[in-house]
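Read-outs: derived from the displayed coordinates by stated rules, not from any lab. Nothing here was measured: the structure is a model prediction, and the numbers come from that model. Reconstructed Cβ throughout: ideal geometry from the backbone, glycine too, with neighbour counts over all protein chains shown.
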Protein chains: 2
Amino acid sequence: MTFYFERLKTQGAARAGILHTPHGDILTPVFAPVGTQATVKAVPPRDLREVGTSLVLSNTYHLHLRPGSDLVRDLGGLHQFMQWQGPILTDSGGFQVFSLAHINRIDDDGVTFQSHIDGSRHRFTPEVSMAIQENLGADIIMAFDQCPPPTDRAVVETAVARTSDWAARCREAHPDDARQALFGIQQGGIFADLREQSSAFLRGLDFPGYAIGGLAVGESKAEMYATLDQCVPMLPEDKPRYLMGVGAPDDLAQAVKRGIDIFDCVLPTRLARHGAVFTPDGSINIGRELFKRDERPLDADCDCYCCQNFSRAYLRHLVKAKELLGHYLLSVHNIRFLIRLMEEMRRAIFEERLEAYTQCFLERYLQTV
Amino acid sequence: MTFYFERLKTQGAARAGILHTPHGDILTPVFAPVGTQATVKAVPPRDLREVGTSLVLSNTYHLHLRPGSDLVRDLGGLHQFMQWQGPILTDSGGFQVFSLAHINRIDDDGVTFQSHIDGSRHRFTPEVSMAIQENLGADIIMAFDQCPPPTDRAVVETAVARTSDWAARCREAHPDDARQALFGIQQGGIFADLREQSSAFLRGLDFPGYAIGGLAVGESKAEMYATLDQCVPMLPEDKPRYLMGVGAPDDLAQAVKRGIDIFDCVLPTRLARHGAVFTPDGSINIGRELFKRDERPLDADCDCYCCQNFSRAYLRHLVKAKELLGHYLLSVHNIRFLIRLMEEMRRAIFEERLEAYTQCFLERYLQTV
């Protein structure tokens, strides 16, 4: 069996484990940087490895449009194409179709849409999403889902019904195999009964892993944490749990405490391209005048290439001068920051001091002391 | 003595040597990538080292405007600021003032201009250029010169007279010291007698190194080579010779043969940002449809990170998708290509087969076989 999840230790709802995949082990909890178009923006694969990345996410919607999943398959699959030999997860394309594309028609069978790049017409169904993800060849692939705005009950109800139906079709199109594990996605917005309805259906399909979708898409942080309190326990304890699209450091800390194992988000690299960086004392924009002559590293505790070598003054200069090296250095740091947070929370779980660690981290990060 | 030039071997006019500097030895002939704003665009310092870079150029004009040379000085100088611990060369600012800024007034004493960034007013004189370059702290600094269009004799005559006068003032403002070597710049356009007039004056000032300015600024390649034939021998044999702003592979080969030791150019990184790359068979644009499914590396002979890992198909995808990683990978390759050319020509000089090597390289690169 090439794909299985070991829970090694729990503390409260939190878990430390290992997710075994055909391309290597993932120590959980884990943060996965996002390589939308088969590249984590500005960061070479060897740097990803250096900052401790074990899982990279890439986007089905984008790769389908460009360069096309048949091309990626013919060139040896996504690992070979982007030269990332570790585990990869691809999303289903659902989220991007609904957020980026121009929707022509949505029905119970699937979605017809126009590319945001060139207006070309495409159709995604559960079966198409599976076929594309099989071409790409990621270790973890995702069921095709509909992610609705989380607070409109009527809309969420329809999306849950459709997501359940599509999950069953994905499971049929892609039964368990040794190469790719298919995860189901729980929807239900902020409504506990709809989350339970979605989870119950997915549990019946016995997926090797489960994701929570439809959060961090507009609701408040308090609503998100309250929803997590309710919906994480609905997922099987012995399977990996993946909270999609969440990447703020405080959200990661809150979600690990509630039993999440896997995260992905564009946040660290997107913020970097706007000059914003994570520090233990909260995020800062390094372009500010304040940092003009600051000789300190971004984060004195950080072991990344950026913090080990460059001053805030130099990074500010790169940002002000719009230099490409700034995107690289700040991205490397931001990714390392989230990965180190996950490494430290994992250690805290093993050492049964997660509560204290999390409280201490959050107080400092949110400046509540 | 921290700064001196050893000629180890000559073949015809070509020379192989070592330029000793306070920040390490430079094996010549050498190509220096350009870090205009204290960063070689998209390439981290450790990658520069990896591709064999021994000398980096940075621009006085740009660093004066942003972040300011006093700030760089206060933060420990340019080596510390940009974390490049090898040798650095700064230009005088003259070329950029005349090509980028809005000139308000030019007189025998200096130039008053407005910044291309924010329109702010500045004045460069020979003494100001020396003071800025002393603040930056490069190992090699350049005399403040006026670089004219190379074919208008009357304009070139004035520029030569002014450049001579300014060279004397730079030499006085910056006598030989252990930290920074000041190079004089020969001007004279395509006119041999003006080149000789300029050289004779500079030789009288006994600089530790000499540059040839005012070429590759609009004249034909044939004119440039003919001018080099005449003007390189005007420079002292025992001092390093630097051909400014030349970076096309065929021009490098032609100029090494004629006795040039040092080159700099933005070409490898600028081309990279437009998807163009050097190969032994000439330069190609990797964005072309032709490369869509090409599994080969850019250059099968190349030992760089890009060629050792990535396919042309992937690089084409990065270029078409406008991904930042493309700038990095293509820049790394293009810089490595020029540095390897210099390494191979150096070896050919030692092995007394430079003629054959150069002919073979040029025939293949220019596709004349």
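The table below lists the values:
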read-out: Positive-end extreme of charge dipole, chain A - chosen from A:A300, A:I88, A:V111 (charges on Cβ); value: A:A300
read-out: Rounded if a/c under 1.5, otherwise prolate or oblate - the range A:68-217, Cα gyration tensor axes; value: oblate
read-out: Relative contact order (%) - the range A:267-369, alpha-carbon pairs under 8 angstrom, separation at least six; value: 32
read-out: Overall Cα dimensions of the range A:203-335, principal axis frame, Å, largest first; value: 58, 27, 24
read-out: For the range B:264-276, 3J(HN,Hα) per residue [Karplus equation, 6.51 cos²θ - 1.76 cosθ + 1.60, θ = phi - 60°, Hz, x = Gly/Pro]; value: 9, 5, 7, 3, x, 7, 5, 4, 4, 6, 9, x, 9
read-out: P(r) histogram, all alpha-carbon pairs of the protein assembly as shown included - 20 Å bins from 0, percent; value: 16, 42, 28, 13, 1
read-out: Total charge dipole magnitude, the range B:205-247, about the Cα centre, Cβ charges on Lys, Arg, Asp, Glu only, Debye to nearest 20; value: 120
read-out: Cross-link partners of B:K257 among lysines (Cα-Cα below 22 Å; sequence separation of 8 or more within a chain); value: B:K9, B:K221, B:K239
read-out: Cα gyration tensor shape for the range B:27-95, rounded if a/c is under 1.5, else prolate or oblate; value: prolate
read-out: Cα-based Rg and Dmax for the range B:131-280, where Dmax is the largest Cα-Cα distance (Å); value: 15.4, 45
read-out: Kirkwood hydrodynamic radius of the range A:4-265, Cα pairs, Å; value: 18.2
read-out: Relative contact order computed over chain A (Cα-Cα under 8 Å; 6+ residues apart), in percent; value: 17
read-out: Hits among lysines - C-alpha to C-alpha of B:K41 under 20 Å, sequence gap 8 or more where chains match; value: A:K41, A:K320, A:K322, B:K320, B:K322
read-out: Inter-copy label distances at A:A178 (7 Å, Cα→Cβ; nm, one decimal); value: 6.8
read-out: Shape call, the range A:51-126: gyration tensor on alpha carbons, a/c limit 1.5; value: prolate
read-out: Per-residue HN-Hα couplings for the range B:250-258 [Karplus 6.51, -1.76, 1.60; θ = phi - 60°; Hz; x = Gly/Pro]; value: 5, 5, 4, 4, 5, 7, 4, 4, 8
read-out: Area projected by the alpha carbon convex hull of the range A:267-369, averaged over all directions, nm²; value: 6.5
read-out: Nearest-first distances (nm) between copies at B:G24, label 7 Å from Cα via Cβ; value: 2.8
read-out: Along each principal axis, Cα extent of the range B:1-156, largest first, Å; value: 46, 41, 31
read-out: Helix-only CD estimate at 222 nm, as mean residue ellipticity for the protein assembly as shown, using -39500 (n - 2.57) per DSSP H run (n ≥ 4); value: -12500 deg cm²/dmol
read-out: Dipole in debye (nearest 20) - the range A:166-213, about Cα centre, beta carbon charges: Lys, Arg +1; Asp, Glu -1; value: 100
read-out: ³J(HN,Hα) computed for each position of the range A:233-247 - Karplus, 6.51 cos²θ - 1.76 cosθ + 1.60, integer Hz, glycine/proline x; value: x, 6, 8, x, 5, 8, 10, x, 10, 10, 9, 7, x, 10, x
read-out: Averaged over B:35-42, number of beta-carbon atoms from partner chains that fall within 10 Å; value: 5
read-out: Shortest-first distances to equivalent copies, position B:H102, nm, label 7 Å out along Cβ; value: 4.1
